[in-house]
Protein chains: 4
Amino acid sequence: MSIVIRPLSPADEAEWRRLWTLYLELYETTVPDAVYAASFARNLSADHPDMNALVAERPDGSGLIGLVHYIFHRHNWREEDVVYLQDLYVDAQVRGGGVGRALIQAVYAAADAAGTPAVYWMTQEFNYKGRMLYDQVATKSPFIQYRR
Amino acid sequence: MSIVIRPLSPADEAEWRRLWTLYLELYETTVPDAVYAASFARNLSADHPDMNALVAERPDGSGLIGLVHYIFHRHNWREEDVVYLQDLYVDAQVRGGGVGRALIQAVYAAADAAGTPAVYWMTQEFNYKGRMLYDQVATKSPFIQYRR
Amino acid sequence: MSIVIRPLSPADEAEWRRLWTLYLELYETTVPDAVYAASFARNLSADHPDMNALVAERPDGSGLIGLVHYIFHRHNWREEDVVYLQDLYVDAQVRGGGVGRALIQAVYAAADAAGTPAVYWMTQEFNYKGRMLYDQVATKSPFIQYRR
Amino acid sequence: MSIVIRPLSPADEAEWRRLWTLYLELYETTVPDAVYAASFARNLSADHPDMNALVAERPDGSGLIGLVHYIFHRHNWREEDVVYLQDLYVDAQVRGGGVGRALIQAVYAAADAAGTPAVYWMTQEFNYKGRMLYDQVATKSPFIQYRR
């Protein structure tokens, strides 16, 4: 399958919203409209260089088939930022076709271009299908997450 | 034990460096001098509001007994930032005396004051002593970390 | 897919050996011939009622497509034995067709018939495909295994 | 602290029951009287060679300070049995004094004497104090337990 990975653009709003909603449903969660609006705007805006998004589509422009958000933030262990890859989603119909891998690798490339090569993400321990991919392109750390 | 928790101050550099070095040794790592310098400066500077540090000391001013860093960063699921609690350390001689708990609670209070109540941190699955405390003040999420 | 589950029989030796070898390869291990001989004999013999095996085949008798071993052993928390389900294997060509589930359910039925309904097994944390099935037919316990 | 490790004896019933009850309370469970009776009898009887128990006491005979059960059972990967170490308990007052370690090592010695050196046990992922010891005397496997 030929896949195009490119930055999110203003024309993607409906498709981005459709895919991200499907993603949030995997976590049995919803976000208010204000969060949709804020995140879409920030991921596009040059005023929010820490928030970025990439989307995947087929070369024929028939609609988005995947998305990923990535956030730059500070880290005390290094001078440069780190990259938090958040919200990786691939349309159910095209899973297993390399879209997720291509999105992760595009984040890696963006991280390298920014001089911030450290990329990490979080996933539920029981996200078996995701982890089959992640084990191929990254390393499981021994770190687990605690939340207030 | 009476404990004072306060923001990091310029006079703390030697003590902060001593404690943070002990912390990094737990992870069998080191950072270059440039990282010590950058992180100390950023945690103090108003030009870096995303990086902050608190320290613990006894009321008699006899030196630091604990430190914690916390970083504000964006998150797509909410309009406001989240707080990443990083580098919690308590001097070995005073462990079990409530210093770690007091530092975490001070980060919670700072997060609330900033209107960003979501606080999280990462710990190694086998950090048994830390987890004994964390289970009391937070919730273990099912999320594990992958790294490029 | 129509599946027949039945006890291991003496005529199954070659097919049982073929499948179990494939299973052991998943764990990157081998066992000596003496272990093949002992386990096959014990799983068949009435002199070893604690060791049992079931196999899966298609109704046309075209060869085995799955196997499972199960072992009865004592447990201090109950008067009756418990059942340790060991070595569940399904031929790669028929995975996803319900063979694994049918083998597990047949062990459950055998356990019930023996008056020893407690059945458990161990799996590697990263056995994603297996766990997709296990989450449907059993419960992940919080127990992890330590070995001398 | 000087510790004596010896097999369970008929005179230990009241002390064994006291310690085992404390152990079961850690798991927020109880067992009926029939299970106390059966397990005590079987752990003592030559008719049940698969069930065995060791106890720890001080040299002055002032009462039991620890217990461990261990069960021999079959395993398809080896001709000889394996040893399932179950129900390790140390009185709260003497924890950290080497009693748990001595009990585990005594099971190892019993396993070696029986020609069945493979010893394993299960523990809850969040049994932090236990795991501090287990990491010193054994290896955490990647295996987790599923239960019907």
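For every residue, the table says whether it meets (1) more than 30 Å from D:LEU24 (Cα to Cα); (2) among the hydroxyl-bearing types (Ser, Thr, Tyr); (3) at pLDDT below 95.
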| residue | (1), (2), (3) |
| --- | --- |
| C:LEU8 | yes, no, no |
| C:LEU26 | yes, no, yes |
| C:PRO32 | yes, no, no |
| C:GLY61 | yes, no, yes |
| C:HIS73 | no, no, no |
| C:LEU85 | no, no, no |
So C:ALA41 clears everything in (1) more than 10 Å from chain D (Cβ to nearest Cβ); (2) assigned to a helix (DSSP H, G or I); (3) under 30 Å from A:TYR134 (Cα atoms) except one condition, right? Which one?
(3)
Checking B:ASP12 against (1) more than 15 Å from B:LEU88 (Cα to Cα); (2) out of contact with any Leu (no Cβ under 8 Å at 6 or more places or on another chain); (3) assigned to a helix (DSSP H, G or I), which single condition isn't satisfied?
(2)
Are any of the residues in segment B:19-39 among the acidic types (Asp, Glu) and closer than 24 Å to A:MET122 by Cβ?
yes
Scope segment C:73-105; condition in a strand (DSSP E or B), facing another protein chain (nearest Cβ under 10 Å) and in contact with a helix residue (DSSP H, G or I) (Cβ under 8 Å, 6 or more places away or on another chain); matching residues:
C:VAL83, C:LEU85, C:ASP87
Filter segment A:109-124 for residues that are touching a residue at least 12 places away in the same chain (Cβ under 8 Å) and surrounded by 16 or more Cβ atoms within 10 Å (Cβ to Cβ) and give the result.
A:ALA110, A:ALA111, A:THR116, A:VAL119, A:TYR120, A:TRP121, A:MET122
The number of residues in segment C:1-54 that are without any contact (Cβ under 8 Å) to a residue 60 or more places away in the chain, of a type outside the set (Ser, Thr, Tyr), under 24 Å from C:ALA113 (Cβ atoms) and surrounded by 15 or more Cβ atoms within 10 Å (Cβ to Cβ) is 13
Before we move on, is B:ALA53 modelled with pLDDT of 95 or more, in contact with a helix residue (DSSP H, G or I) (Cβ under 6 Å, 6 or more places away or on another chain) and within 9 Å of another protein chain (Cβ to nearest Cβ)?
yes
Please state which one of A:ALA92, A:ALA102 is over 30 Å from B:ASN43 (Cβ atoms) and surrounded by fewer than 17 Cβ atoms within 10 Å (Cβ to Cβ).
A:ALA92
Within segment C:111-123, take every residue that is within 12 Å of another protein chain (Cβ to nearest Cβ) and part of a helix (DSSP H, G or I) and give me the one that is nearest to C:VAL55 (Cα to Cα).
C:ALA111
In segment C:55-72, how many are of a type outside the set (Asp, Glu) and assigned to a loop (DSSP other than H, G, I, E, B)?
5
Check on D:GLU80, more than 12 Å from the chain's Cα centre (by Cα) and within 25 Å of C:ARG147 (Cα to Cα):
yes
Check segment B:22-42 and report whether any residue there is touching a Phe, Trp or Tyr at 6+ places or on another chain (Cβ under 6 Å) and hydroxyl-bearing (Ser, Thr, Tyr).
yes
For the list (1) over 18 Å from C:GLN105 (Cβ atoms); (2) among the charged types (D, E, K, R); (3) out of contact with any helix residue (DSSP H, G or I) (no Cβ under 7 Å at 6 or more places or on another chain), I need the number of the one condition that C:GLU13 fails.
(3)
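Hey, does segment B:56-63 have a residue that's under 18 Å from B:ILE104 (Cα atoms), in contact (Cβ under 8 Å) with a residue 60 or more places away in the chain and of a type in the set (A, V, I, L, M, F, W, C)? Full working, then the answer.
Step one: of segment B:56-63, the residues under 18 Å from B:ILE104 (Cα atoms) are B:56-58.
When the remaining residues are screened for being in contact (Cβ under 8 Å) with a residue 60 or more places away in the chain, the result is none.
So far as segment B:56-63 goes, no, none of its residues is under 18 Å from B:ILE104 (Cα atoms), in contact (Cβ under 8 Å) with a residue 60 or more places away in the chain and of a type in the set (A, V, I, L, M, F, W, C).
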If B:TYR146 passes every condition in (1) outside any helix (DSSP H, G or I); (2) in contact with a Pro (Cβ under 7 Å, 6 or more places away or on another chain) but one, which one does it miss?
(2)
Single match in B:ALA92, B:ALA111, B:ALA56 (criterion: in contact with a Pro (Cβ under 7 Å, 6 or more places away or on another chain) and at negative phi):
B:ALA111
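Out of C:TYR146, C:TYR70, C:TYR134, I need the residue that is more than 9 Å from chain D (Cβ to nearest Cβ), out of contact with any Cys (no Cβ under 8 Å at 6 or more places or on another chain) and not small (Gly, Ala, Ser). Which one?
When all the criteria are applied, what remains is C:TYR70.
The values are calculated or read from the model by the stated rules, or taken from the named source; none is laboratory data. Keep in mind that what you see is a predicted model, and the values were worked out from it rather than measured. Positions of Cβ are backbone-derived with ideal geometry, glycine not excepted, and every protein chain shown enters the neighbour counts.
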